Amino acid sequence: MENSTTTNTMKRGRKSPPSMKWYEMIIVALALAACTYQFMVTFAGGKPFPGISWWTFGWGILAGSQMLVTKAMRFPLAPGKWIDFTYVPIWVLSFTLPAYYSLLLLILFSMIIYIVFPNQFSCRKTVGAYVFHLSYQTLLFFVTIQCFWLARDYFSVAAWGGLSLTGTIAMFASMFGLMFTDTFLGGLIQKLEGQRNVGAEWSKDYGRITLVQTLLSSLAMLFAVLYGEAHYIQLAVIYGFFLLAIGIMHRATFRQEDYM
């Protein structure tokens, strides 16, 4: 009798793993559609898989690996707020590599991040939760990459003196595409889950958020320009200084007032 009671109690106390919600399944479906679209565009016309040089391959691995470093050095400003430099390598890959290659690398390193730093994500410890969060990130990557290359390919703007502003416009298109997608999807999901509205918080602090993202995307564009023009020594110096600055800020006692 005691064994039966104990067994029934354990059954009642054991929670079944939560299944994916309908909007999570939509995010996963959209991510699969985005990857399929990129795959079809890459192989349009029966072309073989576009090759890249070993130097470009190494640059992609270096930039992608920085996602791990910057994610490890994420540090809080206040409860629920933190500085995250992960967007810098995301933009570096988006600005310098072909769309198909940067998307594959971003997805690959995101999978590694979810394995190495599972506690940094507010998700249930289930396969479905990881698939949903990876799909969410994939959509952000896809929009970021597409906004950059669409603006770069279809907008040609020259300022006084013949200075081209096409790259700058493409950078801002990519930045705002990422910010809008993250705000819209994040706010919609949290609203469906009855949580606070991310969109309202973003609109309250949009000036500060836009400034920070502009600085980070500009830094990524600087890396992209130096790489594209083969200024490797200068790139190494600035890249090293960037990582050193992140390390110093990570080690220091950093407060929100200091950041502001």
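The values are calculated or read from the model by the stated rules, or taken from the named source; none is laboratory data. All figures in this text were calculated on a predicted structure; none of them were measured in a lab. A quick note on method: Cβ atoms are made from the backbone with ideal geometry, for glycine too, and the neighbour counts reach across all protein chains shown. What goes into the accessible areas is simple: the full protein's heavy atoms, side chains included, and nothing from ligands, DNA or RNA. Shrake-Rupley method; radii C 1.70, N 1.55, O 1.52, S 1.80 Å.
For the reader, a short list of remarks on this structure follows.
- Residue in the range 67-79 that is modelled with pLDDT of 80 or more and under 20 Å from the mean Cα position of the chain (by Cα) present: yes
- Unique residue being surrounded by fewer than 14 Cβ atoms within 10 Å (Cβ to Cβ), modelled with pLDDT of 90 or more and hydrophobic (A, V, I, L, M, F, W, C) when the list is Ala44, Ala33: Ala33
- Leu244 being free of Cβ contacts under 8 Å to residues at least 24 places away in the same chain and open to solvent by 40 Å² or more (accessible area, probe 1.4 Å): yes
- Residue within the range 1-19 that is open to solvent by 60 Å² or more (accessible area, probe 1.4 Å), within 18 Å of the chain's Cα centre (by Cα) and either at pLDDT 75 or above or of a type in the set (A, V, I, L, M) (or both) present: no
- Residues of the range 94-127 satisfying the condition of being open to solvent by 40 Å² or more (accessible area, probe 1.4 Å), over 15 Å from Lys71 (Cβ atoms) and either modelled with pLDDT of 85 or more or acidic (Asp, Glu) (or both): Pro98, Leu104
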